[in-house]
Amino acid sequence: MSSDDNLTSEYIPNKVKLAFGLGTAGNLALSNLVYGSITYFYNTKMGLDGSLLGIAWLIFGIWNALNDPLFGWLTDNTRSALGRRVPYLRYGSVIYAVLFVLCWYPTFTADDQMALFWNFLIIMIAFDTLFTMLATVYFCLPAEMADSADQRASISW
């Protein structure tokens, strides 16, 4: 049997594919809810000035440009008893869920615009950091779960 035969006979159970899909869907659903509506929430409901929101998004964009390659490198070079990626999923997902809730419960009001600005910026950076860690892991997992392109595609599908 050649190595090509091994690749074509590789099988990933449907329950593994389902678990992968549910994890990916949950991660993306939370991030889309936050990124799609948090500006409206902080501006309209909490009263944060639009120019301060713009500055916060600019700072956040710079952080986002830096943290993506940083966490890609970090997750690739992690060595633990659980493996390279599992610790991020196991522990990071809990923190990610807590940060999702904290996005909607700012600790300051419009009376203190700078405090509300810092609250927004810090929660966005923290939330995005966890999103980046989890998304990086999810995007890398199919390559670690399967050798063949067909099985990788079936996992992602």
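Being basic (Lys, Arg) and touching a helix residue (DSSP H, G or I) at 6+ places or on another chain (Cβ under 6 Å) is the filter here, so list the residues in the range 60-100 that pass it. Before you say what the answer is, go through the steps one by one.
Here is the first cut: in the range 60-100, the ones basic (Lys, Arg) are 79, 84-85, 90.
The answer is 85, and nothing else.
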Among the residues of the range 91-114, is any in contact with a Ser or Thr (Cβ under 8 Å, 6 or more places away or on another chain) and buried (at least 16 other Cβ atoms within 10 Å of the Cβ)?
no
State whether one or more residues within the range 72-81 are under 30 Å from residue 157 (Cα atoms), over 22 Å from the mean Cα position of the chain (by Cα), open to solvent by 40 Å² or more (accessible area, probe 1.4 Å) and without any contact (Cβ under 8 Å) to a residue 12 or more places away in the chain.
yes
Report whether or not residue 100 is under 19 Å from residue 30 (Cβ atoms), at pLDDT 95 or above and aromatic (Phe, Trp, Tyr).
yes
So residue 123, is it touching a residue at least 24 places away in the same chain (Cβ under 8 Å), among the β-branched types (Val, Ile, Thr), surrounded by fewer than 16 Cβ atoms within 10 Å (Cβ to Cβ) and part of a helix (DSSP H, G or I)
no
Could you grab the pairs with beta carbons closer than 8 Å, sequence gap of 6+ or different chains, first residue in the range 100-120 and over 17 Å from residue 50 (Cα atoms), second one among the polar types (S, T, N, Q) and not in a loop (DSSP other than H, G, I, E, B)?
107/119
Inside the range 38-71, the number of residues satisfying the requirement of being touching a Cys at 6+ places or on another chain (Cβ under 9 Å) and open to solvent by 30 Å² or more (accessible area, probe 1.4 Å) is 1
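Which helices (runs of 4 or more DSSP H) sit wholly inside the range 2-100 and have at least 3 residues that are of a type in the set (Gly, Ala, Ser) and on the phi < 0 side of the Ramachandran plot?
The helices (runs of 4 or more DSSP H) meeting that bar are 14-40, 50-76.
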Which of (1) surrounded by 11 or more Cβ atoms within 10 Å (Cβ to Cβ); (2) over 21 Å from residue 155 (Cα atoms) does residue 86 not meet, given it meets every other one?
(2)
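The values are calculated or read from the model by the stated rules, or taken from the named source; none is laboratory data. Computed from a predicted model, the values in this text were never measured in an experiment. All Cβ positions, even for glycine, are placed from backbone atoms using ideal geometry, and neighbour counts span all protein chains on display. Remember, those area values only see protein heavy atoms, side chains included, never the ligands or the DNA or RNA. Shrake-Rupley method; radii C 1.70, N 1.55, O 1.52, S 1.80 Å.
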